[in-house]
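Okay, so here's the structure we're looking at.
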Amino acid sequence: MNNLSICVQAKHFPAVGKALPKCAIADLSMSVQAGEFVCLIGPSGCGKTTLLNIIAGVDTQFTGNISYSGKAVLPKIGVVFQQPRLLAWRTVRENIDLVLANPSASAHSVDELLALMNLTDVQHVYPERLSLGMSRRVAIIRAFAIAPEVLLMDEPFVSLDIPAARQVREALLSLWLHRPHSVIFVSHDLREAIALADRILFLSSSPMHVISEVKVTIPRNIRNDEHVINAFREQLKHELPHLHALF
Amino acid sequence: MLVNNAVLPAPAQVFWVFIEAVQSGQLPHHLGITLCRLIVSFIVAMTLGIIIGYSLGRSATANRFFDHWVIIFLNIPALVTIILCYVWFGLNEMAALLAVVINKLPNVIVIIREGVRALDQELLAMATCYRLRRWVVFRHVILPQLHPFIMTATRSGLSLTWKIILVVELLGRSDGVGFQLHTFFQLFDVASILAYTIAFVVVVQLLEWGVLRPLDRRSVKWRR
């Protein structure tokens with residue numbers, strides 16, 4: 001199977017000025033199956049973004065190895081960052097086309113994604129004219145448009161209001177159900193994680209490693225029910241008392 | 001009264017000298033030659049400056065090594081490089097152009113290096129994640145961010161190049177505006193000096209409105 005296995009023995013940040021050297025990640029290992037949706041939950045500043053940078057191939061200064069289906073080659077990765085990271089000098093459409101190998105061949109699927117995210121009207125607008133919520137949706141389309149094998153998402157719904165976050169979350173889920181692929185989703189909100197994930201990994205504060213993992217057994221068709229999510233959360237609280245700080 | 005007239009000629013007199021110089025073909029000839037020198041040395045200096053400045057901005061090691069040299073060349077008086085170029089390479093066109101390029105280059109390097117250091121690292125990380133090809137990254141991610149710095153280097157560079165070219169021509173060439181000004185100086189012909197200055201101002205304005213402003217406008221159309 002095309003599973004992604006991640007093993008980071010150590011990730012250090014050297015001392016800069018008065019800041020002491022820091023060991024961000026130590027002995028972290030995890031794997032993600034093909035088509036699996038995994039949520040990472042950990043205290044703020046524990047090194048989740050650092051881990052995503054390592055998986056995405058941006059940060060290569062670490063000891064350990066990342067392999068995809070047994071090979072040391074990175075899969076095709078789509079990334080949604082905490083900030084949208086759009087090019088301000090390119091329109092919405094140009095931003096999406098930029099990451100595509102063959103924009104004209106993918107034009108139809110990009111049209112569909114834009115329609116799904118309600119962005120068809122603004123596709124020729126420059127990102128500075130968009131609200132943050134719209135920019136985030138563009139960033140999500142960009143990640144989906146390349147048809148990734150692995151999708152990395154770093155708190156993509158932060159600072160969206162509740163209806164906007166729900167709308168984007170539902171769009172994300174329907175896209176993922178439509179074309180299953182591995183997702184690693186960083187969150188600080190346990191309810192959100194329960195609503196989305198197949199499996200939740202709890203991470204320690206730095207140096208970061210996996211403390212515990214939980215399979216979410218709720219069927220997907222009843223996950224938009226608040227009560228079910230809350231009940232599962234209470235159950236987790238009860239079962240994992242040592243993780244109380246993360247809830 | 002006569003002396004005063006020669007030292008500070010009336011606008012009408014300058015105007016007629018100007019018309020005369022244009023009609024005789026003298027002014028277009030010398031201005032054309034100076035413009036050619038400007039274009040060649042400017043293009044060479046900008047191209048080299050962007051390449052070197054980009055490399056120094058990206059590589060801390062290269063920068064540590066070359067930083068002193070950039071500072072030294074930035075501060076060597078223009079006259080020194082011009083004289084040395086003529087002495088070492090002879091009173092020829094190549095030496096003249098080389099002197100202009102050497103004077104202008106450090107200026108471009110310093111500005112572009114600053115621009116490269118200010119590049120948005122988050123956007124570069126995004127480009128790495130999506131495995132964008134080097135050329136695509138340069139053209140769509142890096143170049144638009146460097147654009148204001150390139151425009152600054154162009155503007156400050158053009159004005160600097162003008163001034164240096166005239167000195168280069170005055171010292172070692174037998175044509176060009178600098179050579180003409182030297183001749184007029186020896187004849188104390190202030191009216192002609194002012195006439196050539198007017199021609200200069202006109203050309204600079206044409207460049208500003210015809211080339212630089214449209215480039216500026218193109219780069220800011222995405223701003224709110």
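Computed quantities for the displayed model
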{"read-out": "Listed residues B:I165, B:F188, B:A118: farthest to the positive end of the dipole of the protein assembly as shown (Cβ charges)", "value": "B:A118"}
{"read-out": "Alpha-carbon gyration tensor eigenvalues x 5, square-rooted, for region B:27-220, Å", "value": "36, 21, 12"}
{"read-out": "D (Stokes-Einstein, µm²/s), Kirkwood Cα radius, region B:184-224, 1.306 mPa s at 10 °C", "value": "127"}
{"read-out": "Span-like helix ranges in chain A, DSSP H, alpha carbon extent 15 angstrom or more, Kyte mean at least -0.5", "value": "A:103-116, A:132-145, A:162-178"}
{"read-out": "Calculated [θ] (222 nm, deg cm²/dmol) that DSSP helices of n ≥ 4 give over chain A, each run adding -39,500 (n - 2.57)", "value": "-10000 deg cm²/dmol"}
{"read-out": "Region A:14-78: equivalent-ellipsoid semi-axes (sqrt of 5 x gyration tensor eigenvalues, Cα, Å)", "value": "25, 15, 10"}
{"read-out": "Cα centroid of region A:176-247 to Cα centroid of region A:9-75, whole Å", "value": "20"}
{"read-out": "Given charges at beta-carbon only (K, R positive; D, E negative), |dipole| of the protein assembly as shown in Debye", "value": "300"}
{"read-out": "Farthest positive-ward along the protein assembly as shown dipole, Cα basis, beta-carbon charges - from A:M208, A:I140, B:I142", "value": "A:M208"}
{"read-out": "Once the Cα gyration tensor of region B:109-155 is diagonalised, semi-axes √(5λ) in Å", "value": "22, 10, 7"}
{"read-out": "Geometric extent, Cα atoms of chain A - Rg, Dmax (angstrom)", "value": "18.4, 53"}
{"read-out": "Per-residue [θ]222 nm for chain B (sum of -39500 (n - 2.57) over DSSP H runs n ≥ 4, rounded to 500)", "value": "-27000 deg cm²/dmol"}
{"read-out": "Where only C-alpha atoms are counted, convex hull volume of region B:116-224 per residue in Å³", "value": "146"}
{"read-out": "Percent of alpha-carbon pairs separated by more than 20 Å within region A:1-145", "value": "58"}
{"read-out": "Angle between chain B longest axis and helix B:177-187 axis [Cα atoms, degrees, rounded to 10]", "value": "30"}
{"read-out": "Selected from B:R113, B:R139, B:R37 as most flexible by GNM, with chain B as the system and alpha-carbon contacts under 10 Å", "value": "B:R139"}
{"read-out": "Cα-based convex hull, region A:171-213, per residue volume (Å³, whole number)", "value": "79"}
{"read-out": "Most mobile of B:I82, B:I109, B:I19 in a GNM of chain B (Cα contacts under 10 Å)", "value": "B:I19"}
{"read-out": "Of A:V16, A:V228, A:V158, the one that fluctuates the most in a GNM where chain A has Cα springs shorter than 10 Å", "value": "A:V16"}
{"read-out": "Cα Rg, Dmax, region A:144-247, angstrom units", "value": "14.2, 41"}
{"read-out": "Normalised per residue, the volume of the convex hull around the Cα set of the protein assembly as shown (Å³)", "value": "214"}
{"read-out": "Antiparallel DSSP beta bridges within the protein assembly as shown, percent to nearest 5", "value": "55"}
{"read-out": "Student exercise, region B:27-220 dipole from Lys, Arg, Asp, Glu Cβ charges, in Debye to nearest 20", "value": "760"}
{"read-out": "Paired Rg and Dmax values of region A:72-206, which use every Cα atom, in angstrom", "value": "14.7, 45"}
{"read-out": "Inter-part distance where region A:97-142 and region B:112-168 are each reduced to a Cα centre, Å", "value": "27"}
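None of the figures in this text is laboratory data; all of them are computed from the coordinates on show. What you see is a predicted model; the values in this text were computed from it and never measured. Cβ atoms come from the backbone with ideal geometry, glycine included; neighbour counts cover every protein chain shown.
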